[in-house]
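Reviewing the structure listed below.
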Amino acid sequence: MSGGTSQPTVRNWNWQAGIVRIFGKGRHRPSASWRQATDRAFTLIGDGRYEDAGELLTRAADLEPWLSESWFNLALLHKFRHDWEQARAAGLRAVALLDRESGAPDWWNVGIAATALQDWPLARRAWQAYGLRVPGGTSRPKAGGGAAAGEPLGMELGSAAVRMSPEGEAEVVWGRRLDPARIEVLSIPLPSSGRRWGEVVLHDGVPHGERTTATGHAYPVFDEIELWAPSPVPTWVVLLEAATEADRDALEQLAADAGFAAEDWSSSVRLLCRMCSESRMPSDEGDGVHLDPHDHSEPGHPGPLGHRTDGQLWVPERECGVAAPATLVRGLLDGWVADSPDSRDWRDLEEVC
């Protein structure tokens, strides 16, 4: 887990294209007024002045309504504001003016807006138009009953990391991609994030950074946009006495077997600067005898370097996150201790999120 932030980018007119053909007529490049309004708008977006930027982008769309970029930029602004109805409307106007059949980022923004609104027919159409294969005919129950008809399931996009609260105290956690715009969180986030294990978050389409494994696999890091589906499972923090790594691993396996999760935050948490977080980073630094030069943890604080003392590679006292219901968590910990009472113990259990 780690941190970082990102800045918006503008979809600019391709000046080398010269003209756009729409409805069989040649259209010249957008006016200087359009360019000035658009450039100024994205400067304002970078400063968080969305209302002022909206006025300028609306003016740009009035100046050049035939240009797909006018509506793409408006859709982008509405996405930053989480105004999904407006983002969908502007996105649909943008794709109606495209001069190519598939692969355009305009369709990706439409897919994000449609997913946020649970407009599954449009989401499926958007991912297919972008060029992705979307299995058909599957649905899963909604919370409270019923079915989410047409929800694009089974896309098998694999694992990825997501940066939660990218504009604040960001934290990167692991998850499973449900579709191109949603990730189910499989790590146990720190309580400062306000997020829980098992939540589903809506994320942006452009990765900011990568995490690599020892086998050479690279996984993208996406920025969270907003919480899409909350989790009812609370997060607990507990101090463990685990004589060996195998003792720690046994608790994580016990929690997984029960359908929940435990995570040794003493090993899994790294403090990274923004530049490191948004770069290509190994996912499991801190193991072995080599120190990670990118880990900005301090002695006595969470993180693999912060838990090394006097050359030791294992410290029995571990700070552990547990995601489990209140009715189960103590029994889970007691069962773990009962399996090996000479090498295991726990104390100071507290619900934190």
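Annotations
- Fraction of accessible area attributable to carbon and sulfur, region 166-272 (%, probe 1.4 Å): 56 percent
- Region 158-242: chymotrypsin sites (Phe, Trp or Tyr not before Pro) falling in loop per DSSP and having at most 15 other Cβ within 10 Å: none
- Note on region 189-264: along the principal axes its Cα atoms extend 42, 35, 23 Å, ordered by decreasing extent.
- Accessible-area composition of region 34-123, carbon plus sulfur, in percent [1.4 Å probe]: 44 percent
- With each label modelled as a point 7 angstrom along the Cα→C-beta vector, the residue 214-residue 51 pair spans 5.5 nm.
- Two-site FRET efficiency, residue 317 against residue 80, from Cβ-Cβ distance with R₀ of 41 Å, rounded to 0.05: 0.40
- The GluC sites (Glu not before Pro) of region 59-123 that meet both conditions, a loop assignment by DSSP and at most 12 other Cβ atoms within 10 Å of the site Cβ, are 101.
- Computed over protein heavy atoms with a 1.4 Å probe, the accessible surface of region 162-223 works out to 35 Å² per residue.
The values are calculated or read from the model by the stated rules, or taken from the named source; none is laboratory data. In this text the structure is predicted, and so the values were computed from the model without any measurement. Every residue, glycine among them, receives a Cβ derived from its backbone with ideal geometry; neighbour counts consider all protein chains shown. Heavy atoms of the whole protein, side chains included, go into the accessibility calculation; ligands, DNA and RNA do not. Shrake-Rupley method; radii C 1.70, N 1.55, O 1.52, S 1.80 Å.
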